[in-house]
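S.K.: Here you go, one structure.
What follows is calculated from the coordinates using simple rules that are stated; it is not laboratory data. This is a predicted model, so every value here is computed, not measured. For neighbour counting, all protein chains shown are included, and Cβ atoms are generated from backbone atoms with ideal geometry for every residue, glycine included.
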Amino acid sequence: MLQSPKQTPLTIIVHGGAGNVSPHYHTAALQGCEAAATAGWHVLQDGGSALAAVEAAVRVLEDDPVFNAGTGSVLNADGEVEMDAGIMDGATLQIGAVAAIQHYAHPISLARRVMEASGHHILAAAGAERFAQSQGFAPVPNQQMIVPRRQEQYEKRLAAGTADTVGALALDAAGNVAAANSTGGVNFKLPGRVGDSPLAGAGFYADNAFGAVATTGQGEHIMRVGLAWRAMQALEQGTTAQQAAQQAIALLQERVPDGRAGLIVVDTAGRVGIAHCTRDLPTAYWRQGAAGPVSALRA
Ligand code: ASP
């Protein structure tokens, strides 16, 4: 009997950052996550790659002023936007990332271009911006990405800590996975500070053999345990996506007792995992067979 070719269930999952989402923004955060998951879903449904889907989803979140990525990023100690982003293709293990960049409203697309055209994996600060310009990316005034809520947080020294960073994972019809992260980092960070989000193994990972992971939370905690890699190790040992997410957070809590983080995971069967030790982690996912995205403020 002829066997039909293996079809993987299309899957997209996005998050809107581990932290405390102010009640005023609950609805907006969930709607934003749903819009991003929907954008990624349409890419997958139209036959696009997991890589294209996560980029499309993250671009929606970067444009949404509710989230700490692109427009709406938090401000550093100098009152400036300075962003990190990373992307990984699980088919090739290629990585692209940018760190501490200004003047570009879609850091995730620049990260992808770093992966595809620079011959390197990570470009930072002025060098990354020069590369962006050489690739035809249009710069925007940094001020254009500062929204009133972040300016107020900065002026009143409010809201220290993490929130509203974004990430996305996808599984496409060919069985490829991809991961993407984008963030303004943490409030009042020192200029030049780089978090976990552009670092493979800490902020994200993707490998077609096992699945993909994107983390969020205090980068200084996440890096210390290589949080994304811990979840990948669990997947390699045969856990489901949910078990992998939970094991990684349990490990963080054990090794970094005040650790604050969350993560999303997708495995090769298209199952999703969500875990966090912060109060909130807004997410939305859309898996094949569902009529629309499923969103939640907490796992
Ligand atoms: N992980 C990000 C950073 O430390 C922040 C976040 O996820 O909210 O830069």
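S.K.: Compute the distance from the alpha-carbon center of segment 213-273 to that of segment 54-75, in whole Å.
M.R.: Segment 213-273 and segment 54-75 have Cα centres spaced 23 Å from each other.
S.K.: Here is a follow-up. Please report, ordered by residue number, every helix of the chain (full DSSP H runs) that is 18 Å or longer along its axis going by C-alpha atoms and whose mean Kyte-Doolittle hydropathy reaches -1.0.
M.R.: Flagged H segments are 26-45, 50-63, 241-255.
S.K.: Dipole of segment 1-151, Cα-centred, from +1 at each Lys and Arg C-beta and -1 at each Asp and Glu C-beta, to the nearest 20 debye?
M.R.: 160
S.K.: Taking the number of other C-beta atoms within 10 Å as the exposure measure, put Ser22, Ser109 in order starting with the fewest.
M.R.: Listing Ser22, Ser109 from fewest to most nearby Cβ atoms yields Ser22, Ser109.
S.K.: A further question follows. Kirkwood hydrodynamic radius, computed over distinct alpha-carbon pairs, for segment 85-198: how many Å, to one decimal?
M.R.: Computed over Cα pairs of segment 85-198, the Kirkwood hydrodynamic radius comes out at 15.0 Å.
S.K.: Could you list Tyr285, Tyr104 in order of exposure, starting from the residue whose Cβ has the fewest other Cβ atoms within 10 Å?
M.R.: Least to most surrounded, the residues fall as Tyr104, Tyr285.
S.K.: Determine, for Cys277, Cys33, the number of other Cβ atoms within 10 Å of each Cβ, and report the residues in order from fewest to most.
M.R.: Cys277, Cys33
S.K.: Turning to a different aspect of this structure: Spelling out what I want: for every residue of segment 72-82, take phi, set θ = phi - 60°, compute 6.51 cos²θ - 1.76 cosθ + 1.60 (Karplus), and round to whole Hz; glycine and proline get x.
M.R.: Each residue of segment 72-82 in turn: x, 4, 6, 9, 7, 4, 8, x, 10, 7, 8 Hz.
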